[in-house]
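Note sheet for the following structure.
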Amino acid sequence: MYLAFTGLIIVLLALDLGVFNRTPHEISLKESTAWTVVWFLVAGAFNWVFYLWACTQLPPDLARQAGLEFAAGYLVERALSFDNIFIFVVVFNYFAVPPRFQHRVLFFGIVGAFVFRAIFVGVGAMLMRYHWVVMFFGVLLLYTGGKMAFGLGEESIEPERNPIIKLLRRFLPVTPEMDGERFFKRVNGVLHATPLLVGLLFLELTDVVFAIDSVPAIFALTQEPLVVFTSNIFAILGLRAMYFMLAGALDRFHLLKYGLAGVLIFVGLKMVWWNGVQAPHVPIVWSLGVIAALLAGFVGLSLAIPPKRS
């Protein structure tokens, strides 16, 4: 199943870059909305096929639970990736990446995320067998959710101060200007990185940081690594389209961070308290309902209550 899923993702990415986005262009609101719907439907179709396959391997009730766990994991990852969109906006503005090249950067960012998430899920599957590790990540999610709820630790993002970016500049000179969609450029025979590569590297680094929260959060909903991996990857696949659709309207969802904080606190409590040791597990149907209600509620409040203008 892992091999089949990996093959499917390779085909989807090849179609994405090699067919539908072969020519660099600025993604319009109409196109990004259409692709957001397409990726959502593709994830839903995969979940249905996954459920049918699970029915051949498991009793019907466990197969149904696996399908619901995929849906919950997908929803959590899509919600938590909302913060990624803010990072995308900051990085693209900082490095002055033209809109027509942003899709290319995000595409290779997704490829890198696929590799890093596979590593995170593999390591997490081994570590989550130990109760103290589950407790540790549960406390981490509670801490992160509390910080997000109270607006603590919100600092400006400065790529130039990132130690990895500094290390790159030390060993590989960086050109100050773009060279089309290229990541590398030769200047007087010397290989240079373009700002496009620096931006891509920074996006990869931030995705690794976000994965520290999102992967354990999905492990709080399911103990099956295949469900964690597939739901995580499908959510990431739809992230680019969601970025192009929402990049200009982030301020309209000013209260969503409280919903995301609620999700992190809820899954943190599932790991720390409702973990089958201190207290019984929360059924996956209830978990899915709580997560959906938190996100839908704060999206609705964001639209109903306009942000304060400073």
In the stretch 30-148, how does Rg compare with the Kirkwood Rh, expressed as the Rg/Rh ratio over alpha carbon atoms? 1.03
Contact order normalised by length for the stretch 2-304, with contacts defined as Cα pairs under 8 Å and 6 or more residues apart; what percent is it? 32 percent
Here the stretch 69-81 yields Karplus 3J(HN,Hα) values (6.51, -1.76, 1.60; θ = phi - 60°; whole Hz; Gly and Pro given as x) of 5, 4, 4, 5, x, 4, 5, 5, 5, 4, 5, 5, 6
For the stretch 289-310 and the stretch 22-69, what is the separation of their C-alpha centers, rounded to whole Å? 25 Å
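Taking square-rooted eigenvalues a ≥ b ≥ c of the alpha carbon gyration tensor, is the stretch 98-143 rounded, prolate or oblate, where a/c under 1.5 means rounded and, failing that, a/b exceeding b/c means prolate? Before the final figure, lay out each step's value.
Values: a/c = 8.82, a/b = 2.35, b/c = 3.76.
Cα axes put the stretch 98-143 in the oblate bin.
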Which order, highest average first, do 215-221, 250-256 follow once you tally other Cβ atoms within 10 Å for each residue and take the mean per peptide? 215-221, 250-256
So what's the back-of-envelope 222 nm ellipticity for the chain, counting only DSSP H runs of four-plus at -39500 (n - 2.57) apiece and dividing by all residues, rounded to 500? -24000 deg cm²/dmol
Within the chain, excluding any GluC sites (Glu not before Pro) found in a DSSP loop (not H, G, I, E or B) and having at most 15 other Cβ atoms within 10 Å, the longest uninterrupted segment runs 182-310
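Hey, fewest Cβ within 10 Å first, where do Ser231, Ser32 land in order? Intermediate results must be reported in sequence, preceding the final value.
Values: Ser231 27, Ser32 19.
So the ranking, lowest neighbour count to highest, is Ser32, Ser231.
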Determine the gain in length on full extension of the stretch Met1-Met178; use 0.36 nm per residue of separation and subtract their C-alpha separation, reporting nm with one decimal. 59.6 nm
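Between Leu250 and Val209, 0.36 nm times their residue separation minus their Cα-Cα distance comes to what? Display every interim value, and only then the final one.
On the way: separation 41, 0.36 × 41 = 14.76 nm, distance 2.10 nm.
Gain in length upon complete extension: 12.7 nm.
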How many nm separate the modelled label positions at Ala279 and Val187, each set 7 Å beyond the Cα in the direction of the Cβ? 5.9 nm
Could you work out, for the chain, what percent of all Cα-Cα pairs fall into each 10 Å distance bin, beginning at 0 Å and stopping at the bin that holds the largest distance? 6, 25, 34, 24, 9, 2, 0
Distance (nanometres) between label positions extended 7 Å along Cα→Cβ at Ala96 and Val123: 3.7 nm
Least to most buried among Val105, Val299 (fewest other Cβ within 10 Å first): Val299, Val105
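Using the count of nearby Cβ atoms within 10 Å as a rough guide to exposure, how do Met178, Met1 rank from fewest to most?
Details: Met178 16, Met1 12.
Taking fewest neighbouring Cβ atoms as first place, the list is Met1, Met178.
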Given the chain, what count of lysine pairs have C-alpha atoms under 25 Å apart, with each pair 8 or more places apart or on different chains? 6
Output the 0 to 90 degree angle, nearest 10, between the alpha-carbon long axis of helix 29-57 and the longest principal axis computed from the alpha carbons of the chain. 40 degrees
Quick check: pseudo-label points 7 Å beyond the Cα along Cα→Cβ at Glu26 and Gln57, how many nm apart are they? 4.6 nm
Interchain or sequence-distant (5+) residues whose placed amide H lies within less than 5 Å of the amide H of Phe184 are Thr194
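We did not get these values from a lab; they are worked out from the coordinates using the rules stated. Treat the numbers as computed from the prediction; the structure is a model and nothing was measured. Cβ: placed from backbone, ideal geometry, glycine included. Neighbour counts: every protein chain shown.
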